[in-house]
Each structure stands twice: as structure tokens, then as C-alpha cells.
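Notes to accompany the following structure.
The values are calculated or read from the model by the stated rules, or taken from the named source; none is laboratory data. What you see is a predicted model, and the numbers here were worked out from it, not measured in a lab. Note that each Cβ is placed from the backbone with ideal geometry, even for glycine, and that neighbours are counted across all protein chains shown. Just so you know, the surface numbers come from the protein's heavy atoms only, side chains and all, with ligands and any DNA or RNA stripped out. Shrake-Rupley method; radii C 1.70, N 1.55, O 1.52, S 1.80 Å.
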Amino acid sequence: AALRGHQAEVIDHLTAGGDALLLMPTGGGKSVCYQIPSLLREGTGIIVSPLIALMQDQVGAVTQLGLKAAFLNSTLSMREAADVERRLLGGDIDLLYIAPERLLQPRTLELLDKAAIALFAIDEAHCVSQWGHDFRPEYLQLSVLAERYPGVPRLACTATADERTRAEILTNLRLEGGRVYVGGFDRPNIRYRVVPKDEPRKQLLKFLRDEHAGDAGIVYCLARKKTEETAAFLVQNGIPAVAYHAGLEAAVRRRHQERFLNEDGLVVCATIAFGMGIDKPDVRFVAHLDLPKSVEGYYQETGRAGRDGLPANAWLCYGLQDVVMLRKLVDDGEGDEMHRRRASQQLDAMLGYCEVTACRRQRLLAHFGEVMPEPCGNCDTCLWPPETFDATVVAQKALSCVARTGQRFGAQHIIEVLRGGAAER
């Protein structure tokens with residue numbers, strides 16, 4: 001098979017000993033970019049990954065390709081871990097997958113000091129961003145790799161990073177001298193749609209019955225309880241579904257994940273804890289029952305649909321009550337003023353995406369700095385253009401009314417005044 005996009009450049013650059021940051025959409029073929037240089041260079045490729053629950057599957061997939069692979073994480077017994085360490089020192093492993101917490105233990109670093117290392121690949125590198133939707137504090141400590149192994153090339157990979165997150169990855173992982181490769185963000189086979197909330201569960205059921213009978217997909221909810229209630233509702237209505245969130249026992253999560261990967265037509269109702277690194281090519285839809293907190297999070301979650309390149313749907317159901325709730329979460333959240341402001345900006349960008357009347361894909365790609373000259377023809381605003389009108393004068397009247405009533409009343413009172421209501425107030 002031919003290499004796509006930047007793959008050949010990245011492989012050549014890494015093989016020659018260079019550092020790099022690689023942005024490539026989900027399913028774009030990031031793993032090839034570190035697998036091949038790991039084989040071409042002397043020693044073992046060390047893949048840093050936060051996905052303990054998936055390492056076994058990842059190693060299984062690589063082993064099927066004929067590579068010698070193993071993983072080191074907390075699920076191994078002492079004997080199994082010792083066996084992996086012995087193989088590493090004996091030069092008998094091509095790729096070693098390791099969780100960041102494990103890597104940073106002094107004992108592991110001492111082990112790596114004695115091993116021949118071909119390269120370090122830091123997967124899901126957006127986890128280093130403190131502004132991100134998936135921040136992992138231990139990722140910040142991975143800068144130790146630059147100091148401790150200066151001669152070993154490092155590749156940071158992610159599918160989702162706006163300009164600010166990219167800058168953070170480069171700084172926090174000490175990759176300032178590396179090259180940056182950005183593959184296109186567009187996933188043309190995904191159809192993006194946003195619908196206003198009106199009995200969302202019934203809307204979801206209709207969407208699944210009309211367009212996705214028997215298909216596998218993911219339904220994202222903000223609250224853990226809602227994932228369980230939604231899964232139960234779907235099961236009652238004859239659609240096989242399971243819940244997935246961080247509060248479930250590890251064995252239950254593992255079982256639900258395995259069912260999703262191996263069965264046809266299962267729907268997983270999940271919080272964002274589910275899906276990173278999930279390599280299931282035939283996810284036909286990703287539905288959001290609540291407004292995501294950021295465009296990055298939304299892009300990453302929708303990117304789990306249609307990795308096989310066949311048509312897939314990204315369906316989002318949102319209402320203004322979502323915005324009110326998320327604003328409250330931001331205001332009450334931890335972190336300093338700067339952090340709250342950033343979270344508020346991310347929410348504004350997400351709201352702007354939902355409210356846009358032009359091509360939705362153009363707006364989504366623009367968020368990541370990519371210009372799409374023509375409307376895509378495969379999103380709701382292209383296929384069913386919304387009716388629009390010039391609201392300048394109406395908006396001016398509303399703002400003027402807010403100012404003249406002292407900026408202290410809610411929407412209902414402002415509406416009454418504007419409409420000349422006869423209420424005593």
C-alpha cells in the first residue's frame with residue numbers, strides 16, 4: 001500500500017534522528033509513522049500511551065502484522081512484567097507500549113537507560129495541554145525524555161490540536177526544534193448535523209431507527225447517570241446498548257469495550273472517558289445528547305465515526321439550557337481566572353459552530369486554521385439551508401431595551417417591555 005500525505009516525510013525525518021509533532025485526523029495512519037522508523041532504527045520503539053485498557057488490543061493488532069510487540073502497565077503480574085523487561089534488554093521487542101505513569105517511575109527510567117531505544121512516540125499528545133478536554137498531569141513530566149535521552153528521536157502525535165494546543169505540546173514536551181506536520185483535518189465522509197433539543201431521547205430514537213437500524217455507534221452524554229438512563233431507554237426500545245463511564249468497575253468497562261469492538265450493531269452511551277484510541281473502523285454514527293465543552297473535544301469525538309471512509313453521521317442535539325449549564329460549570333469550576341476565560345472562549349466557539357448558517361464544515365476546519373474554499377455539500381446547512389433574515393434593527397432594539405432598563409432584568413421582562421406588555425411590573 002502507498003503511503004499517504006505526510007507519512008513518507010515523517011518516516012524519513014524520524015529515521016534520520018529528527019524530532020516532530022504530527023497532527024493527523026483519526027484513522028489517518030499515525031501509527032505507521034512510528035512503527036516503520038522503529039523497525040529501521042536500531043533498538044526498540046517506545047510508545048507512550050494513556051490507553052491502558054486498549055494496550056492489549058494495540059499489541060495484538062501489531063503482532064498480527066508480524067512485529068514483536070509488548071506492553072508494560074499495571075495490569076501485568078510481576079512475573080509477566082519481568083519477562084517483558086528481559087525481552088527488552090535482550091533486543092527482542094520491536095515496539096513497547098507503556099503508560100506515562102509507568103514510564104516516569106525511576107525503576108522504568110533506569111531500565112530504559114540499559115536498553116537500546118530506537119525512538120519515543122508520544123501518542124495522544126494533546127493530553128499535555130492544560131486547556132485541553134483531556135488533560136493528564138503526568139504528560140507534563142514527559143519533558144524528562146528530552147533531557148535524559150537527547151540522542152533519541154521523539155514524535156508527538158495527536159488528532160486534535162488548535163494553534164494554542166500545538167504551541168503547548170511543543171513547549172511542554174521540549175520539541176521546539178522539531179518539525180511540525182499537519183495533515184488535513186477534513187473527514188469528507190462524515191455528515192455534520194445539529195438539531196435543536198425537543199425531547200432529545202425521542203429525537204435520538206427516531207434518528208437511529210430512520211437512519212441507523214442495526215448500526216454500531218456512540219452516543220455521548222455529559223453526565224454518567226444520563227449514559228445509563230439513555231442505554232436503558234434504547235434497550236427498552238429494542239436497540240442493543242450499553243453504558244460506559246469512569247464510575248463503572250474496570251471489569252464492566254472492559255467487557256463493554258470488548259463487546260463494542262467485537263459485536264456488530266452495538267450502541268455505547270458514554271461520557272468522554274470512552275473512545276480515545278478506539279480502533280473500530282465501522283462506527284456509523286456519533287451522536288451528542290449534550291453540547292460538548294469545546295470544538296476540539298467535539299472534533300475528536302465525531303472523528304471516531306467512519307474510519308473506514310464510508311458515509312457516517314455526526315449528529316448533535318443541543319438547547320440553550322446546555323449553554324446555561326456549561327456556563328455554570330465554567331464559573332464554578334476550579335482553576336484561575338485565565339483558565340475560566342479560556343473555557344468560556346471554547347464554549348463560545350462551540351456555540352458559534354452550532355448557530356452557524358453557512359457551511360458547517362468550513363466553520364469546523366477554520367477553527368483548526370484550515371481554509372476550505374467551497375461549501376462542502378455534506379452537512380445540514382449545505383443540504384437544507386436554514387432561512388435567515390437581517391436582524392440588525394431587532395438586535396439594536398433589544399440591546400437598547402436592556403440598557404434603558406438598567407441591565408438588571410432577565411430575558412422574560414425584556415421581552416414584555418419590547419412587546420408593550422401590560423403587566424404591572
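A few comments on the model shown:
- Restricted to the stretch 162-192, and to residues there that are acidic (Asp, Glu) and part of a loop (DSSP other than H, G, I, E, B), the residue that is least open to solvent (accessible area, probe 1.4 Å) is Asp162.
- Flag if Ala305 is more than 15 Å from Leu222 (Cβ to Cβ) and open to solvent by less than 10 Å² (accessible area, probe 1.4 Å): yes
- Only one of the numbered conditions (1) within 30 Å of Glu301 (Cα to Cα); (2) open to solvent by 50 Å² or more (accessible area, probe 1.4 Å); (3) in contact with a Leu (Cβ under 9 Å, 6 or more places away or on another chain) is not met by Arg4, and that is (3).
- A search for C-beta distances below 8 Å between a residue of the stretch 136-154 that is over 20 Å from Gly45 (Cβ atoms) and in contact (Cβ under 8 Å) with a residue 40 or more places away in the chain and any residue that is assigned to a helix (DSSP H, G or I) and not polar (S, T, N, Q), counting only pairs 6+ apart in sequence or on different chains, returns Arg136/Pro100; Arg136/Cys127; Arg136/Val128; Gln141/Pro100.
- In the stretch 85-113, the residue that is nearest to the chain's Cα centre (by Cα) out of those that are of a type in the set (A, V, I, L, M) and crowded, with 18+ Cβ neighbours inside 10 Å is Ala99.
- When Ala116 is tested against (1) of a type in the set (A, V, I, L, M, F, W, C); (2) surrounded by 16 or more Cβ atoms within 10 Å (Cβ to Cβ); (3) at pLDDT 95 or above, exactly one condition is not met: (2).
- The condition of being of a type in the set (A, V, I, L, M), closer than 30 Å to Leu320 by Cβ and surrounded by fewer than 22 Cβ atoms within 10 Å (Cβ to Cβ) holds for only one of Ala231, Ala250, Ala223, Ala243, that being Ala223.
- Qualifying positions in the stretch 394-407 - β-branched (Val, Ile, Thr), farther than 23 Å from Ala358 by Cβ and open to solvent by 40 Å² or more (accessible area, probe 1.4 Å): Val402
- In the stretch 129-161, residue farthest from Val295 (Cα to Cα) [restricted to those that are surrounded by 17 or more Cβ atoms within 10 Å (Cβ to Cβ) and small (Gly, Ala, Ser)]: Ala146
- Filter pass, Val371 being without any contact (Cβ under 8 Å) to a residue 60 or more places away in the chain, among the β-branched types (Val, Ile, Thr), open to solvent by 20 Å² or more (accessible area, probe 1.4 Å) and under 21 Å from Ala161 (Cβ atoms): yes
- Residue match in the stretch 381-400 (condition: within 16 Å of Tyr298 (Cβ to Cβ), over 19 Å from the mean Cα position of the chain (by Cα) and of a type outside the set (Ser, Thr, Tyr)): no
- Qualifying residue in the stretch 379-393 (condition: open to solvent by 70 Å² or more (accessible area, probe 1.4 Å) and either more than 24 Å from Pro196 (Cβ to Cβ) or small (Gly, Ala, Ser) (or both)): yes
- For the stretch 227-249, filtered to residues that are modelled with pLDDT under 95 and more than 20 Å from the chain's Cα centre (by Cα), the residue that is nearest to Leu291 (Cα to Cα) is Leu248.
- Residue count for the stretch 57-70, restricted to those that are in a loop (DSSP other than H, G, I, E, B), open to solvent by 50 Å² or more (accessible area, probe 1.4 Å) and either modelled with pLDDT of 95 or more or touching a strand residue (DSSP E or B) at 6+ places or on another chain (Cβ under 8 Å) (or both): 1
- Candidate set: the stretch 36-56, residues that are open to solvent by 10 Å² or more (accessible area, probe 1.4 Å) and touching a helix residue (DSSP H, G or I) at 6+ places or on another chain (Cβ under 7 Å); chosen: the one modelled with the lowest pLDDT: Ala53
- Asp198 being touching a Phe, Trp or Tyr at 6+ places or on another chain (Cβ under 9 Å), part of a loop (DSSP other than H, G, I, E, B) and either surrounded by fewer than 20 Cβ atoms within 10 Å (Cβ to Cβ) or basic (Lys, Arg) (or both): no
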